[in-house]
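Q: I'd like to ask some things about the structure below.
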Amino acid sequence: MNGFIAFMEKHFIPYAAKIGAQRHLVAVRDGFIATMPLMILGSFAVLINNLPIPGYIPMMNNIFGEGKWQAFGGNIWAGTFAILGLLIAFTVAYNLAKSYDKDALSSGVVSVASFFAIGAGFVTVTDGAGSVAGLGSAGLFLALIISLISTEIFTRLSGNPKLIIKMPEGVPPAVARSFAALFPSMITVSIFALITAFFQAAGVADLVGEFYKLVQEPFMGLANSLPVALLLAFISSFLWFFGLHGANIIDPFMQTINAPAIQVNADALKAGKDLPFIVTKPFFDSFVNLGGTGATLGLIIAIFLVARKHKAYMTVSKLSAAPGVFMINEPMMFGLPIVLNPIFFIPYILTPMILVTIAYFATVIGLVPATTVITPWTTPPIIGGALATQSLAGGILAAVNLAVAVVIYLPFAKMAQVQELKREKAAEAAETK
């Protein structure tokens, strides 16, 4: 095991670290993080409007009037999920330009303009009602791509002195910045407008809608499979074992499938249809990452049960218990430690994959509803499972998975204690000689 760890540290970790620090991935991650409060708010609005309790909706209709009480939640949804693609077009471009030390605000504005130039504002008519679906989760993938490409174009053009209009001294900075961005902005947006014109000439009126059908929807379906879920669980814990924040590295991928899938599930719930998507970020937060990546809350409980003789382990576990309840496991990762600890390699990698399998099949066979609410990632286990699925069954599944995690970690916690006690006795014996 030590040889394997040494090999990974030499040949794998440097490349993984570079990937984790890659500016485009970081920009996507930070862009989604900026919208997370709104996505959580929108999820709870959907929850309030569609709480799956028998008699709930008729009761609310009788009290507040048919459909009128849902206006508040509907307005929140209009300001959150309905404009998610638009928000991402700005936030990702802003963070990417910031990493280049360029005009982040102008980059965000240009990205939004480019997003509209390719038809994000195209109005689709369904049953006589117009819908700008491209601004929401349906346009998310395309918004992400445009934000990255438009920023790359804009920042490079901004670095060309021939395209910069320099204002005389004394001009307010905001005005000078606007004129400096004038030509780069015009060229960038014009490029996307020209591309859209070519597609329109070829008969593609709704470019965002077609992209969703051809790329985003099939990608979401592929990501909804058990093999992909297992791969995500493996990558996150594997990277974390070597001290890299695996959750942050795969977060851009998780977020791009998370919001659209949750939106589709919420729409299906409202329409009384089967929920199509199982694998979402709330799926991992509620049933897999119990106490943090690797379900380390299970390890804390296991240490309390079988490793009480080791003072250091007990001290770290006691200090880690409260953060662990709120899904923060850095104290365990670096304090116990789990990072680069050969004894915990197998359970730390294996546990989340087993929990994924249990949760996936529990959802497939109908024991637990699919997730429809984006809960804060710091929501304690069991509570998070109940909220994400809007059901008591979700809380029960989270409790079962936590118990499974404890059982998996038990023998390794005992083994670690025995090894540490032997090492300490050997050190004491060496000192007395």
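The values are calculated or read from the model by the stated rules, or taken from the named source; none is laboratory data. Just so you know, these numbers come straight off a predicted model, no measurement behind them. So basically every Cβ, Gly included, is an ideal-geometry build from the backbone, and we count neighbours across all protein chains shown. Please note that ligands, DNA and RNA were not included when accessible areas were found on the heavy atoms of the full protein model with its side chains. Shrake-Rupley method; radii C 1.70, N 1.55, O 1.52, S 1.80 Å.
Q: Tell me, rounded to the nearest percent, the portion of alpha carbon pairs in the chain spaced more than 32 Å apart.
A: Above the 32 Å cut-off, the chain has 47 percent of its Cα pairs.
Q: To continue, here is another question. What percent do you get for the relative contact order of the chain when only Cα pairs under 8 Å and 6+ apart count?
A: 15
Q: Something else about it: Can you list residues whose amide H is under 5 Å from residue 80's amide H, if they're 5+ apart or on another chain and H is modeled 1.01 Å from N?
A: HN-HN under 5 Å from residue 80: empty list.
Q: Per residue, how many Å² of accessible area does segment 82-222 show with a 1.4 Å probe?
A: Here the residues of segment 82-222 average 50 Å² of exposed surface.
Q: Right, next: In square angstrom, what is the accessible area per residue of segment 226-430 with a 1.4 angstrom probe?
A: With all protein chains present, segment 226-430 gives 38 Å² per residue.
Q: Could you tell me the distance between the Cα centroids of segment 315-363 and segment 56-99, to the nearest Å?
A: The two parts, judged by their Cα centres, are 34 Å apart.
Q: Taking segment 226-430 as the region of interest, what is the percent of Cα-Cα pairs per 5 angstrom bin, listed from the shortest bin to the one with the maximum distance?
A: Result, from short to long distances: 1, 8, 16, 20, 19, 13, 9, 6, 3, 2, 1, 1, 0, 0, 0 percent.
Q: Give me the accessible area of residue 30, 1.4 Å probe, in Å² rounded to the nearest 10.
A: Here the residue's solvent-accessible area equals roughly 50 Å².
Q: Given 0.36 nm per residue, what is the gain on full extension from residue 422 to residue 346 after removing their alpha carbon distance, in nm?
A: So the extension gain works out to 25.2 nm.
Q: Given the rule -39500 (n - 2.57) for each run of at least 4 DSSP H residues, summed and divided by the residues of the chain, what is its mean residue ellipticity at 222 nm, to the nearest 500 deg cm²/dmol?
A: -22500 deg cm²/dmol
Q: If you don't mind, another one. Quick one: grab the alpha carbon gyration tensor of segment 326-433, order the square roots of its eigenvalues as a ≥ b ≥ c, and give me rounded if a/c is under 1.5, else prolate or oblate depending on whether a/b is larger than b/c.
A: Prolate is the answer for segment 326-433, as a/c is 1.5 or above and a/b outweighs b/c.
Q: Further, regarding this structure: For the pair residue 166 and residue 322, how long in nm is the line joining their label points, each one 7 Å along Cα→Cβ?
A: About 5.7 nm, to one decimal.
Q: Please calculate the 1.4 Å probe accessible area of residue 69, with all protein chains present, and give it to the nearest 10 Å².
A: Rounded to the nearest 10, the figure is 30 Å².
Q: Sticking with this structure for a sec: Could you tell me how many degrees, from 0 to 90 and to the nearest 10, lie between the Cα long axis of helix 392-432 and the main elongation axis, the longest principal axis, of the Cα atoms of the chain?
A: Helix 392-432 sits at roughly 50 degrees to that axis.
Q: Going through the cross-link list 311/414; 68/213; 309/422; 213/270; 18/318; 18/414, which pairs have a Cα-Cα distance over 24 Å in this structure?
A: Correct reply: 68/213; 18/318; 18/414.
Q: Using θ = phi - 60° and the Karplus curve 6.51 cos²θ - 1.76 cosθ + 1.60, what whole-Hz ³J(HN,Hα) does each residue of segment 26-37 get, with Gly and Pro shown as x?
A: Karplus values, whole Hz, x for Gly and Pro: 5, 5, 4, 4, 5, x, 5, 4, 5, 8, 4, x.
Q: If you don't mind, there's one more thing I want to ask. Contour minus end-to-end for residue 414 and residue 69, with contour as 0.36 nm per residue of separation and end-to-end as the Cα-Cα distance?
A: Length gained between residue 414 and residue 69: 118.7 nm.
Q: In square angstrom, rounded to the nearest 10, how much accessible surface does residue 215 have for a 1.4 Å probe?
A: 70
Q: Something else: How would you classify segment 171-310 from its alpha-carbon gyration tensor, with a ≥ b ≥ c the square roots of the eigenvalues: rounded for a/c under 1.5, else prolate if a/b is greater than b/c, otherwise oblate?
A: Judged from the Cα gyration tensor, segment 171-310 comes out oblate (a/c at least 1.5, b/c at or above a/b).
Q: Please report, as a whole percent, how much of the solvent-accessible surface of the chain comes from carbon and sulfur atoms (probe radius 1.4 Å).
A: Result for the chain: 70 percent of the exposed heavy-atom area is carbon or sulfur.
Q: Hey, which lysines would be in cross-link range of residue 102, C-alpha to C-alpha under 18 Å, not counting anything within fewer than 8 residues on its own chain?
A: Counting by Cα, and skipping residues close in sequence, residue 102 has these lysines nearby: 162, 166.
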